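FYI, it's all coordinate maths here, none of it is from the lab. Note that the structure is a prediction, hence the values are computed from the model and not measured. Glycine also receives a Cβ, built like all others from the backbone with ideal geometry; neighbour counts cover every protein chain displayed.
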Amino acid sequence: MHEFALTEDLLKLSREEARKAGIVRLDKIIVSIGDLSGISIDSIEFAFSFLREEDEITKEAELVVKRVPGRGRCTSCGKELELDRLYLYCPDCNTPTVEITEGRDFYVVSLEGQDADELAGKSTESDGEGSPES
């Protein structure tokens, strides 16, 4: 299951980037996964649910997956195609010239989190002990 290794790398990258940005807790990790990438979204989500626990920074993070449908174009006739699998032949001109244009990628779109000051401010507000300093 290569999704486990991919999820490990995803979390490692997210943790590194969060630390560089001064984020101490990630709330959301938003990723894009193409339908033609060969990656099982269910397997990524399953692995994420366990692996996020390995570090405080990702322990409460939510994984948000943006699915990207497969798209292609026949380089012979120019036909734009929606692809649910990899096609070798164009359904219009029957030539083996379909070029994939979308849906093969897997990447981090964005990270959402909080720095230490934001966390301190939130906990002060929730304790009812007054408002945090500006």
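Structural remarks
- Neighbourhood net charge (15 Å Cβ-Cβ; Lys/Arg +1, Asp/Glu -1) for Ile41: -4
- Charge tally around Cys77: other residues with Cβ under 15 Å, Lys/Arg +1 each, Asp/Glu -1 each, net -1.
- Note on Ser40 and Ser76: with the Förster distance fixed at 35 Å, the Cβ-Cβ geometry gives a FRET efficiency of about 0.60.
- Principal semi-axes of the equivalent ellipsoid, √(5λ) from the alpha carbon gyration tensor of the chain, are 42, 16, 11 Å from largest down.
- Relative to the dominant Cα principal axis of the chain, helix 41-51 is inclined by about 30°.
- 15 Å reach of a label modelled at Ala116, 7 Å along Cα-to-Cβ, counting backbone N of the stretch 17-37: 19-25
- Each other residue within a Cβ distance under 13 Å of Phe50 adds +1 if Lys or Arg and -1 if Asp or Glu, for a net charge of -4.
- Relative contact order for the chain: 31 percent, from Cα pairs under 8 Å spaced at least 6 residues apart, divided by residue count.
- Legend: calculated FRET efficiency, His2 to Glu99, from the Cβ-Cβ distance at R0 = 22 Å, rounded to 0.05, equals 0.35.
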